[in-house]
Structures are given as structure tokens and as C-alpha cells.
1. For region B:11-40, which positions are of a type in the set (S, T, N, Q) and either outside any helix (DSSP H, G or I) or within 18 Å of A:LEU66 (Cβ to Cβ) (or both)?
2. Picking from A:ASP244, A:ASP198, which residue would you name as being out of contact with any helix residue (DSSP H, G or I) (no Cβ under 7 Å at 6 or more places or on another chain), under 28 Å from B:GLU290 (Cβ atoms) and in a loop (DSSP other than H, G, I, E, B)?
3. Here's a check for you: in region A:25-42, which residue that is near DNA strand C (Cβ under 7 Å from one of its atoms) and of a type in the set (A, V, I, L, M) is farthest from B:GLY131 (Cα to Cα)?
4. Within the set of pairs 6+ apart or on separate chains, which have a first residue in region A:33-55 that is away from chain B (no Cβ under 12 Å), a second that is more than 12 Å from DNA strand C (Cβ to nearest atom), and C-beta atoms under 8 Å apart?
5. Would you point out which residue out of A:ALA65, A:ALA87, A:ALA51, A:ALA43 is small (Gly, Ala, Ser), within 22 Å of A:GLU306 (Cβ to Cβ), outside any loop (DSSP other than H, G, I, E, B) and not assigned by TED's automatic domain parsing to the domain that holds A:SER286?
6. Applying the selection to region B:207-219, what residues are in a loop (DSSP other than H, G, I, E, B) and open to solvent by less than 40 Å² (accessible area, probe 1.4 Å)?
7. Look through B:LEU307, B:LEU293 and report the one residue that is assigned by TED's automatic domain parsing to the domain that holds B:VAL129, at pLDDT 95 or above and open to solvent by less than 10 Å² (accessible area, probe 1.4 Å).
8. Return the residues of region B:220-241 that are among the hydrophobic types (A, V, I, L, M, F, W, C) and part of a helix (DSSP H, G or I); say none if nothing qualifies.
There are 2 protein chains.
Amino acid sequence: MVSNRGSRRRSRGPSIEDVAGLAGVSAQTVSRVANEAGNVRPATRERVLRAMDRLGYTPNRAARALRNGAFGSIGLIARTFARTGEALTTQSVVEAAEAEGYSVTLLAVREPEAGGWRHAVQRLSHQAVDGLIIIRAEETTPESFLLPSGMPVSVSDSRFIGYYPDVGADQVQGTRDAVEYLLGLGHATVHHLAGPPDSEPATTRAASWHRTLEGAGISPPPAWRGDWSARSGHEVGREIVADDSVTAVYVANDDMAFGLLRAAHEVGRRVPEELSVVGFDDIELSEFSEPPLTTVRQDFRRAGHELVRLLLQQVTEPGSVGYDERVLLPTTLVVRGSTAPPPPPR
Amino acid sequence: MVSNRGSRRRSRGPSIEDVAGLAGVSAQTVSRVANEAGNVRPATRERVLRAMDRLGYTPNRAARALRNGAFGSIGLIARTFARTGEALTTQSVVEAAEAEGYSVTLLAVREPEAGGWRHAVQRLSHQAVDGLIIIRAEETTPESFLLPSGMPVSVSDSRFIGYYPDVGADQVQGTRDAVEYLLGLGHATVHHLAGPPDSEPATTRAASWHRTLEGAGISPPPAWRGDWSARSGHEVGREIVADDSVTAVYVANDDMAFGLLRAAHEVGRRVPEELSVVGFDDIELSEFSEPPLTTVRQDFRRAGHELVRLLLQQVTEPGSVGYDERVLLPTTLVVRGSTAPPPPPR
DNA sequence: TGGTGCTACGTTGACGTTAACATTCTGCGT
DNA sequence: ACGCAGAATGTTAACGTCAACGTAGCACCA
């Protein structure tokens with residue numbers, strides 16, 4: 001609750017009263033002009049507009065927010081904004097929010113522990129925010145923190161499904177498409193390089209992979225694990241490519257798939273002739289890897305839009321969105337050059 | 001200036017008066033507790049804290065902002081937040097701002113034309129923001145828009161150098177390192193795949209490439225142009241790899257370099273044996289391309305921190321930062337597998 | 001000519017917080 | 001017991017905006 005920001009005080013700009021004085025009208029009339037309410041004579045409006053222009057007047061947002069009880073701002077919480085998935089979602093959240101006249105305030109969670117998230121929410125609830133979007137809340141559970149009651153929330157790819165309205169790619173279907181495609185190519189089984197165990201998308205993808213194999217009558221091999229980063233994909237990728245029995249790998253995201261591709265190149269294991277690789281996400285660079293990556297595309301742009309829509313619906317009409325509402329976005333398998341039938345058994 | 005957001009009115013939470021009532025003290029005392037001012041008896045403080053807890057009280061930011069004339073928030077303007085460079089900078093700006101108790105509000109500029117930027121600034125100046133960070137303001141000039149006077153600003157990689165305090169990688173040095181390294185490998189000349197002409201970093205890198213070649217007594221060949229995207233790198237890359245006389249290319253960023261690498265693979269032009277490629281940025285995936293990309297690393301994290309530092313210094317001490325202040329961040333040439341001596345001439 | 005109804009504009013007050021000033025309380029010395 | 005310094009707490013007012021209500025002015029009709 002610290003806030004001794006000392007002398008942080010900007011020189012205040014012109015206020016509505018200054019404009020009113022210059023235009024020779026009351027503040028209320030200026031307000032009417034500023035808000036495009038009717039009932040202002042064109043001549044008066046002109047005079048006020050000129051006065052605004054001359055003084056460089058812009059309405060004070062804090063005063064408006066105080067008056068209206070709303071801030072025109074959405075809080076966006078994530079662990080980082082730098083990774084591809086988060087960056088793309090952030091961008092589309094900003095676009096959608098802007099279209100509705102809202103701005104977006106960012107808050108990063110530093111420490112992975114639950115304490116970090118609680119702290120983040122604490123801080124954000126001190127922010128001027130009408131609602132919260134939480135993306136990739138990987139390391140915590142809904143019980144571990146309390147939001148200010150009545151605060152609208154929508155979440156994505158998190159463990160909060162069932163607690164708050166949720167938006168996410170249909171990972172179950174996407175995974176099934178990928179695994180079945182590989183099986184259809186003739187691979188005896190499909191291995192999996194999973195994301196971190198505390199991540200909801202990672203566990204969902206792993207579970208769907210597991211079930212798809214079982215559904216095909218195949219006993220799933222143990223999965224490898226990375227942390228979403230290309231570096232981790234490269235590290236465990238070295239083990240994977242060293243195992244000649246592995247002919248097909250479904251990797252939980254494209255970054256790690258890049259690492260695996262690299263590991264394969266390093267030992268001369270040819271992709272796709274000797275090893276098929278499928279990623280998830282379809283980031284911009286996936287089309288340009290060597291070989292171009294077959295991957296499950298998810299629509300980050302739409303996810304951001306849906307998150308905002310779901311959130312603002314709660315803001316406008318409290319109670320209009322069920323806490324268990326889910327938006328499942330379809331995925332598409334994009335077949336490129338990293339997949340092929342398995343090599344003939346020796 | 002539209003703002004008829006109709007019924008956007010949240011049920012207001014508990015106010016300082018509610019807490020004061022419950023704790024049996026005055027609002028001022030609650031305020032003192034909330035702001036950790038001294039002069040409150042421990043017993044009283046306890047009582048107030050309990051009351052806050054019970055009511056779930058959090059100070060109203062709008063009221064604070066109105067009272068204090070400051071918002072505790074930094075505006076971040078960019079064309080997009082999804083591209084690697086912007087995403088990394090955004091992340092580090094958020095980190096640095098948070099460390100100082102500020103939050104970050106995003107604003108994207110949709111249309112590339114000057115009008116878009118002006119609109120953005122208009123909107124942001126309506127936001128509750130103590131200062132502005134502008135990154136990659138590629139398509140406009142400082143004259144084309146007016147900020148609210150006295151608004152602190154810091155900028156990066158833009159045409160605003162000399163108008164506002166600026167932070168950026170030392171692209172001149174970085175480029176020189178790259179080009180001289182290729183020359184030192186024995187290449188007769190170095191070609192350049194540049195960024196879009198309206199971008200400051202693009203023109204700076206191109207100019208430095210030009211001068212470095214001239215300094216070595218080499219007449220620079222015409223440069224190719226992309227738009228920073230991997231796709232554009234791939235498109236013009238097809239022309240580049242079709243030209244046998246080209247043995248070394250300095251590419252203005254890593255994304256485009258990925259596209260070029262792909263084009264080379266497609267026609268079987270071997271990298272680095274037949275063609276050397278150097279990128280700029282050192283994004284996470286550069287280490288994992290085939291071959292791993294030699295590139296000029298720039299420190300996005302530090303750039304974000306410096307942007308915030310420069311901005312907050314202006315907020316705290318108006319006039320303490322010159323409008324022509326520049327922070328030049330050193331770059332590092334990271335040599336990996338995409339560069340080698342030229343093939344012997346046929 | 002006097003009312004009637006409408007439009008343009010003004011006045012008041014409240015949103016929640018806190019600086020500045022005012023008051024009350026506490027403990028201590030005499 | 002009394003007075004006094006200093007600490008603890010209370011009161012007032014103002015930050016800028018706008019909804020609600022109030023009033024003045026005008027056009028129109030009987």
C-alpha cells in the first residue's frame with residue numbers, strides 16, 4: 001500500500017473552468033461540448049471549441065473517472081509480455097479494447113509463486129481499471145487470491161476455467177489432429193515434448209495426446225518436458241534425437257520445436273525423412289524454419305478479441321456472463337515440410 | 001472526444017468514509033494508515049487495517065490521481081506490440097516501471113499515416129498518464145503532432161532524436177562490426193537487406209553499412225528492401241539467392257534473415273559455404289536456426305530500463321533532462337554458424 | 001397580450017482523497 | 001493538581017467533471 005511517491009506532481013493543464021472563462025460560458029456548457037451532448041447552439045459550440053483549441057484543453061481523465069465511477073481501462077495480467085503467445089494476445093487485446101474506447105494497462109507478475117500473483121492482483125486492484133484479463137496464469141490456482149468483489153474478469157489458457165469466463169484454443173482437437181495426422185502417415189507411435197507441468201495448456205495438450213494414442217490402441221510412451229523456450233526444446237531435443245526409435249514428435253509449442261529441429265541438425269538426424277516434428281501455435285517464423293514447420297495454428301488475434309468482448313459484456317451488464325462460460329477457438333493443422341512417413345524399419 | 005460510454009458505471013466499492021465509520025475514526029486517519037504516514041497510534045492503525053480488510057477496501061485511484069495531479073502511470077505508444085523488438089522492449093519497460101511503482105498503459109497506432117500518430121497522441125493525452133514512451137515511431141516526424149505541453153517524453157529508435165531524449169542501440173557501431181567482420185572473412189563486398197525506408201533504425205543501419213563499405217574503399221552495391229517481416233525477407237531473399245555474385249548479406253533484422261535463410265534452402269544455396277548471412281537483434285530463435293544465425297545483439301532489456309529512467313527523471317525533476325539527451329547502448333556481434341569465408345571464385 | 005412549451009444555458013452538489021490547518025489528547029515536569 | 005509540549009486525530013476545502021435540476025429566453029397560439 002506504499003504510495004509515498006513524494007513530489008510526483010505535474011503542473012496541471014487548463015481545466016474546464018479556464019475554457020469556460022475564455023469562451024464566456026459556464027463550465028457545464030463546455031462539458032456539453034466536450035461530450036457532444038445536444039442542446040448547444042452552433043455559435044456557442046464554435047466559441048467553446050476555439051477556446052479549447054487555444055488553451056490546448058483536454059478533459060482530465062482522473063476527474064472523469066472519479067465522476068463516472070469507471071476508468072475506461074482494462075488491466076492485463078501475465079507473467080511476461082515478451083513471449084510470442086503473450087505478445088500476440090496482448091496486441092489483439094489492445095486492438096479490441098481500443099475499438100471499444102478502452103485502454104489497456106499492463107501488469108507483469110514477477111515471481112512464479114502464488115505470492116507473486118496475489119501481489120499482482122493487489123497492485124492491479126489499486127490501479128484504475130474496470131476489469132481484468134488474465135492470460136497464461138500458469139503457476140497458481142483460483143483459490144490463491146481474491147479479487148475485489150464484482151471485478152469483471154476474463155481469462156485465457158489458465159487454471160481458472162470454471163471460475164471465470166475463459167477463452168482458449170481448442171487444444172484437445174488441435175492435438176488430436178496433429179497426433180492422428182502423424183499416425184496416419186504411418187508412424188507406429190507419436191512421442192510428445194510437453195510444456196511445464198504447472199501450465200494448463202501444457203497439461204491439456206499432453207492429456208489429449210495421451211488419449212488420442214490410447215484411442216488408437218497405442219500405449220503412450222513417457223513424455224519429455226520443456227519450459228516452452230527454444231532453449232529447453234534444444235536441450236531435451238538432444239535426448240530425443242539420440243533415440244533412434246523415435247520417428248515422430250508432437251511438440252507442445254513452436255519455440256521448443258525450433259530447439260528440437262536444431263538438435264536434429266546437430267546430429268545429422270534428417271527431418272522429415274528420419275524424424276517428423278509437429279509444433280503448436282504457428283508463429284510467424286514457423287513458415288521459415290528448415291524445414292518449414294508443420295504445426296497447429298491457433299488464432300491469437302481472435303482470442304484477444306473474445307477476451308475483451310467477454311470482459312466488456314460483464315462491465316456493461318453485470319451478471320450477464322456466467323463464470324463458467326467458455327469460448328473454444330478452432331485450430332487448424334498447417335502441414336508444411338517437417339512431417340513425412342516414417343523411414344522403413346531397418 | 002466521444003465518450004458516451006452510456007451506462008458504464010461500476011458499482012462503487014467501499015470508500016474511505018466507510019472504513020472510517022467502521023473503525024470509528026476520521027477519514028483522514030484512514031488515509032494516513034493507507035499511505036503509511038507516521039503519527040498514528042499502533043492500536044488505531046490496527047483497528048483501521050482490520051476495517052479495511054473486512055470491507056475489502058482499496059483506495060480509489062481516480063480520486064488519488066485527481067487529488068495529487070499524478071496518475072502513477074506511463075503511456076507506451078507503438079505501432080504494434082507483437083513484433084519481437086517491440087515485445088521485448090514492452091516487457092522491460094513494464095518491469096522497470098513496476099519497480100518504480102508505475103504501471104504501463106498501452107496505445108497502438110493503427111494507421112501508419114501521420115494522422116494515426118496524431119490520433120494516438122490525442123487519445124493518450126486523454127488517458128491518465130504522467131509521461132509518454134514512444135517506440136519505433138517510424139512513419140512520422142516530430143512536427144506532425146503536438147503533445148500536451150510539459151508532458152515528459154522519451155523515445156526509442158525513432159525520428160524524434162534531437163527533439164526528445166532518446167534511447168537506442170548503437171546501430172552505427174553494430175553495423176560496422178558486422179560489415180567489417182564479413183569483409184575480414186574475405187568477402188569482396190557485403191550486400192544489404194534493409195528495413196523500410198521510413199524507419200529510423202533501418203536508415204541508420206543502411207547508412208552505416210554504406211559508409212563502412214566506402215571506408216574500406218568499396219563502392220556499395222544497391223541495397224534490397226524489406227519491411228522487417230520474415231515474409232518480406234523471404235520474398236526479396238529469392239532475388240538475392242538467385243544472384244551468384246552475392247556472397248555476403250548484412251540483413252537489418254533477424255526476422256528478415258530467417259526469410260533469407262529459407263530462400264537459400266529452397267534453391268540449395270548453402271549457408272555459410274556459399275552465402276554468409278548476418279542479422280540484427282539476436283532474438284531468442286536466432287540461436288536455433290539452420291544454420292544458427294550470426295547476428296548483432298542489442299540489449300532490449302536495458303533499452304526499456306533506460307527509457308523509463310529518462311522519463312521518470314523528467315517527471316520527478318522537470319527540466320532535468322535535455323531534449324537532446326541520448327543514451328547509446330552498445331551492441332555485440334554474436335558469431336554463429338551463418339558466416340564463413342567466401343567460396344573460391346570459379 | 002398572456003400564457004404554454006420548448007430550448008439554451010447556468011447553478012449546485014457529489015464522486016473519493018488528502019494537504020493544510022485546527023483541535024484534542026497524552027504524558028511529563030513542577 | 002496544573003500547565004505545557006508534542007503527538008494523535010479531526011475538520012475543511014479543493015482537485016475537475018458532469019448529472020440533475022433550475023431558470024431565462026424565445027416562438028407560437030388563442
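1. The first filter runs over region B:11-40 and keeps only residues of a type in the set (S, T, N, Q), leaving B:11, B:15, B:26, B:28-29, B:31, B:35, B:39.
Of everything in region B:11-40, those that are of a type in the set (S, T, N, Q) and either outside any helix (DSSP H, G or I) or within 18 Å of A:LEU66 (Cβ to Cβ) (or both) turn out to be B:SER11, B:SER15, B:SER26, B:SER31, B:ASN35, B:ASN39.
2. Values: A:ASP198 fails: under 28 Å from B:GLU290 (Cβ atoms).
Every option except A:ASP244 fails the conditions.
3. Here is the first cut: in region A:25-42, the ones near DNA strand C (Cβ under 7 Å from one of its atoms) are A:25-29, A:38-41.
Checking the rest, the ones that are also of a type in the set (A, V, I, L, M) come to A:25, A:27, A:40.
Working: A:VAL25: 31, A:ALA27: 27, A:VAL40: 34 Å.
Among them, the one singled out is A:VAL40.
4. From region A:33-55, the pairs are A:ALA51/A:LEU22; A:ALA51/A:TYR57; A:ARG54/A:LEU22.
5. Values: A:ALA65 fails: within 22 Å of A:GLU306 (Cβ to Cβ); A:ALA51 fails: within 22 Å of A:GLU306 (Cβ to Cβ); A:ALA43 fails: within 22 Å of A:GLU306 (Cβ to Cβ).
From the options A:ALA65, A:ALA87, A:ALA51, A:ALA43, the qualifying one is A:ALA87.
6. Initial filter on region B:207-219 (in a loop (DSSP other than H, G, I, E, B)): B:216-219.
Selection gives B:ILE218 alone.
7. Numbers: B:LEU293 fails: assigned by TED's automatic domain parsing to the domain that holds B:VAL129.
Of B:LEU307, B:LEU293, the one residue that is assigned by TED's automatic domain parsing to the domain that holds B:VAL129, at pLDDT 95 or above and open to solvent by less than 10 Å² (accessible area, probe 1.4 Å) is B:LEU307.
8. So in region B:220-241, the residues among the hydrophobic types (A, V, I, L, M, F, W, C) come out as B:223-224, B:228, B:230, B:236, B:240-241.
Within region B:220-241, B:ALA230, B:VAL236, B:ILE240, B:VAL241 meet the criteria.
The values are calculated or read from the model by the stated rules, or taken from the named source; none is laboratory data. For clarity, every value in this text was computed on a predicted model and none was experimentally measured. Please note: Cβ atoms are built from the backbone with ideal geometry, for glycine as well, and neighbour counts cover all protein chains shown. Note: areas computed on protein heavy atoms with side chains; ligands, DNA, RNA excluded. Shrake-Rupley method; radii C 1.70, N 1.55, O 1.52, S 1.80 Å.
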